[in-house]
1. Kindly rank 37-43, 2-8 from highest to lowest mean number of other beta carbons found within 10 Å of each residue.
2. Roughly speaking, what is the stretch gain from I62 to F50, that is 0.36 nm per residue apart minus the C-alpha to C-alpha distance, in nm to one decimal?
3. On the first, second and third principal axes, largest extent first, how far apart are the outermost C-alpha atoms of the range 1-63 in Å?
Amino acid sequence: MKKVAKFGQILFFIGLIVSIVGLIFGFGLMFQGGNDVWATRLLVSVAIGFMIMFTGLATSVIFSPNDDSKLNELRSLQDSDEPLSENKR
């Protein structure tokens with residue numbers, strides 16, 4: 001499961017890089033005026049990069065290990081009316 005979560009993190013950063021590069025160079029070529037075909041391709045890569053980024057984020061969140069047993073214990077102690085003792089903190 002950790003490998004899949006790591007793969008999701010890698011996908012997130014790849015999508016982020018594709019989106020940023022496409023945005024910067026796409027608008028740069030669009031404002032130059034001579035390379036409309038490449039500007040269009042790079043601006044479309046922003047949407048593709050966003051999809052890759054979202055896929056990586058979802059994969060990372062779903063498959064990341066969730067070990068918050070200490071946090072759950074503290075929350076259950078807060079809900080009860082018992083005073084916290086020193087050994088449970």
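Read-outs: derived from the displayed coordinates by stated rules, not from any lab. Not measured: the values here are computed from a predicted model. Here Cβ is always computed from backbone atoms with ideal geometry, including for glycine, and neighbour counts include all displayed protein chains.
1. Result, highest mean Cβ count within 10 Å first: 37-43, 2-8.
2. 2.5 nm
3. 48, 12, 11
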